[in-house]
Amino acid sequence: MIQWSEKEDKHLIQWSEINTVLLDMDGTLLDLHFDNHFWLEYMPQRFAEERGISLEDARQELLSRYKQVEGTMDWYCLDYWSDKLGMDVAALKEEVDHLIAVHPQVVEFLEGVRASGRRVVLVTNAHMKSLSLKMERTQLAGHFDSIICAHDIGIPKENPKFWNKLQAEEPFDREKTLLVDDSLAVLRSAQKYGMGKLLCVHRPDTKLPDKDVEEFDAIRSFADIMP
């Protein structure tokens, strides 16, 4: 595992041992506040208006529905939610897309890694419509050698089988690959696959306190691991 220093030394990883960097999007490169606000605040508000019910009833119904499909492809699929809720969820996301924000030092990190000659790949569970909206808003797409959407692979990153399918599409040496993701379930999935270098994120949502990263090393900013 990567050695973590309480002083947050910038030499958290040995870059000489890394030739590929896999990066999550929501909560890792982008502030998770947008997604949390959308699903936990904005969607209940609009759902309550659509159904003519109280905000609290709307929130409880949506939370129950979220829980039923959490960790599956349906959870991440905007078409699924549009069909189930009878609302154009992709269009609703556009109504609050001003909240989409890139975490500090992300652009500098991406530029630094690519300049070092290493391959940089965005690997996300986000639905294609959400991915497109966020890339348009942030203009980050040009910083990646490749962008992989789990919907094209057919299973979410939480499933250990995902990584085998990813490797067939985007070959990488698992021992020389760094994965940065804010999801503990995803990190554990990659760990089971034998991914060599794993990092979590202390504060995926900048409006919330630090999360418990449990057994994983974590960064507060990509400045911590600049190549």
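Observations, loosely collected:
- Residue in the stretch 183-224 that is farthest from LEU40 (Cα to Cα), counting only those that are β-branched (Val, Ile, Thr) and surrounded by 17 or more Cβ atoms within 10 Å (Cβ to Cβ): ILE219
- Filter pass, ASP182 being under 22 Å from ASN36 (Cβ atoms) and in contact with a Ser or Thr (Cβ under 9 Å, 6 or more places away or on another chain): yes
- Test: residue in the stretch 41-54 that is surrounded by fewer than 16 Cβ atoms within 10 Å (Cβ to Cβ), closer than 21 Å to LEU133 by Cα, without any contact (Cβ under 8 Å) to a residue 60 or more places away in the chain and under 20 Å from the mean Cα position of the chain (by Cα): yes
- Any hit, the stretch 161-171, residues being surrounded by fewer than 18 Cβ atoms within 10 Å (Cβ to Cβ), assigned to a helix (DSSP H, G or I), touching a helix residue (DSSP H, G or I) at 6+ places or on another chain (Cβ under 7 Å) and aliphatic (A, V, I, L, M): no
- Filtered by the rule that a residue be out of contact with any Lys or Arg (no Cβ under 9 Å at 6 or more places or on another chain) and crowded, with 18+ Cβ neighbours inside 10 Å, the stretch 104-127 gives VAL106, PHE109, LEU110, ARG118, ARG119, VAL121, LEU122, HIS127.
- Selection count, the stretch 76-99, where residues are within 24 Å of GLY154 (Cβ to Cβ), part of a helix (DSSP H, G or I) and in contact (Cβ under 8 Å) with a residue 12 or more places away in the chain: 8
- Test result for PRO171, more than 15 Å from the chain's Cα centre (by Cα) and not charged (D, E, K, R): yes
- Of all residues in the stretch 10-34, those satisfying the criterion of being free of Cβ contacts under 8 Å to residues at least 24 places away in the same chain and either buried (at least 17 other Cβ atoms within 10 Å of the Cβ) or assigned to a loop (DSSP other than H, G, I, E, B) (or both) are HIS11, GLN14.
Any read-out appearing in this document is the output of simple, stated calculations on the displayed coordinates, not a laboratory observation. Since the model is a prediction, treat every value here as computed from it, not as a measurement. In this analysis, Cβ positions are derived from the backbone assuming ideal geometry, glycine residues included, and neighbour counts consider all displayed protein chains.
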